[in-house]
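Participant: Structure below; questions to follow.
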Amino acid sequence: MDASMLEETIQNPNPYPVIAALEYDDIWQLCLQARDLAWDPVRAIDWAELKRFGDTLPQEVRDAGAEWWSLRAWMEHGATPYGAERYRDAVFEHLPFEVKQHVVNFIAEELRHHEASFRVADALGGYQPIPRSDYFQMVIPKFHDERDEKAMPFYAGMAVNTLFEQLSGELLTARYKNAQHIAIKDACRLILRDEARHIQFGRILMRRFFATLTLEQKTTLGAKFAKKLRGSLLNGVYSVVNLPGEERKRAARARHLAAEYGLGATYPDEEVAIIADALAQIRADVAPYDVPIPIVVEIEGSSPAIKTAAE
Ligand SMILES: [Fe+2]
Ligand SMILES: [Fe+2]
């Protein structure tokens, strides 16, 4: 064979040896729950009824709902390339099978969330396969920076991701409460049920692995968390606060409209308060492990947010 052809061969990670002995029973329990609580986005939700409801809404509201749920769909889908990279790492590092199983479940579940979200968008006014504004097209690919992941050990990186799951879980809970239609409520509820498992995985990782991190790794972890939050998630997905002027106004107005009509959205002001609260909770959760999370000025101002709501 020609040597140059060999050079072009893609190097797949060597999957062997495969560790088949169960090492982390708590992670395996999550895998079993994932099987029991699996749901089908086509059959679990009454889409025809939502479509009928969508048809009764003013055009501007339909557009706002479709934009909002398309944005949610992109965000859910954005978790899948991240998951694929983690699966690859798990294979390279010969991690126990239950860790690989959880990552595969995670990918499948995020795809399921993507599907449920684009079906809501479709029923309301039409899923937008690509973001309508140039700005979103620019910012969405930046949601995940693989270089940041590679700067942390596998379990630390995954724990950072689950801190975001916790944050988006708090936002989705508020959006569930906002939802006036049963189909949107069901979509939020079923997604939240999966997210609870993703958050639980993060708690297991914290408990099992955070004590093994060096001070430098903990500082990196906190810094990466704040960077991702400020650099991408506040730019439209979690909140509109970091969007550039005109787009911020337009997006906030659409979000406001979707919330006003109970389409499973949140008012822009409300989002900031929820994120501040969740941030305070996350800081408290990682405090026992001495993981410093820098202040996120856009959300907290000059001093760290303090938890206000009862747990
Ligand atoms: Fe999700
Ligand atoms: Fe998730």
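The values are calculated or read from the model by the stated rules, or taken from the named source; none is laboratory data. Here the structure is a predicted model, which means the values were calculated and not measured. Reconstructed Cβ throughout: ideal geometry from the backbone, glycine too, with neighbour counts over all protein chains shown.
Participant: Which helices (runs of 4 or more DSSP H) sit wholly inside segment 244-311 and have at least 3 residues that are surrounded by 17 or more Cβ atoms within 10 Å (Cβ to Cβ)?
Facilitator: Working: elements: 245-260, 268-286, 297-300.
The helices (runs of 4 or more DSSP H) meeting that bar are 245-260, 268-286.
Participant: Collect the residues in segment 90-107 that are assigned to a helix (DSSP H, G or I) and on the phi > 0 side of the Ramachandran plot, keeping them in residue-number order. I'd like the intermediate steps shown before the answer.
Facilitator: So the first thing to find is which residues in segment 90-107 are assigned to a helix (DSSP H, G or I), and the list is 90-92, 97-107.
Those that are assigned to a helix (DSSP H, G or I) and on the phi > 0 side of the Ramachandran plot: none in segment 90-107.
Participant: Checking the conditions here, which among G157, G169, G126 is among the small types (G, A, S), outside any loop (DSSP other than H, G, I, E, B) and more than 13 Å from the chain's Cα centre (by Cα)?
Facilitator: G157
Participant: Within segment 72-94, track down each residue that is crowded, with 21+ Cβ neighbours inside 10 Å and more than 16 Å from ligand 2 (Cβ to nearest atom).
Facilitator: Result: A90, single match.
Participant: Look through A179, A187, A211, A183 and report the one residue that is small (G, A, S) and surrounded by fewer than 19 Cβ atoms within 10 Å (Cβ to Cβ).
Facilitator: Residue meeting the stated conditions: A211.
Participant: Is it the case that segment 137-152 has a residue that's among the small types (G, A, S) and either under 27 Å from D25 (Cα atoms) or in a helix (DSSP H, G or I) (or both)?
Facilitator: no
Participant: Do we find that R189 is farther than 16 Å from T173 by Cα and assigned to a helix (DSSP H, G or I) in this structure? First the steps, then the outcome.
Facilitator: Details: farther than 16 Å from T173 by Cα: no; assigned to a helix (DSSP H, G or I): yes.
No, not satisfied.
Per-residue answers, yes or no, for (1) at pLDDT 95 or above; (2) surrounded by 10 or more Cβ atoms within 10 Å (Cβ to Cβ); (3) not in a helix (DSSP H, G or I):
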{"residue": "S4", "(1), (2), (3)": "no, no, no"}
{"residue": "P13", "(1), (2), (3)": "no, yes, yes"}
{"residue": "P17", "(1), (2), (3)": "no, no, yes"}
{"residue": "D26", "(1), (2), (3)": "yes, yes, no"}
{"residue": "Q29", "(1), (2), (3)": "yes, yes, no"}
{"residue": "A34", "(1), (2), (3)": "yes, yes, no"}
{"residue": "A38", "(1), (2), (3)": "yes, yes, yes"}
{"residue": "R43", "(1), (2), (3)": "yes, no, yes"}
{"residue": "R52", "(1), (2), (3)": "yes, yes, no"}
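Participant: Scan segment 192-201 and tell me whether some residue there is part of a helix (DSSP H, G or I) and more than 13 Å from ligand 1 (Cβ to nearest atom).
Facilitator: Start the filter on segment 192-201 by keeping residues that are part of a helix (DSSP H, G or I), which leaves 192-201.
Imposing the further condition that a residue be more than 13 Å from ligand 1 (Cβ to nearest atom) reduces the set to 200.
Checked against the condition, which is being part of a helix (DSSP H, G or I) and more than 13 Å from ligand 1 (Cβ to nearest atom), segment 192-201 yields at least one hit.
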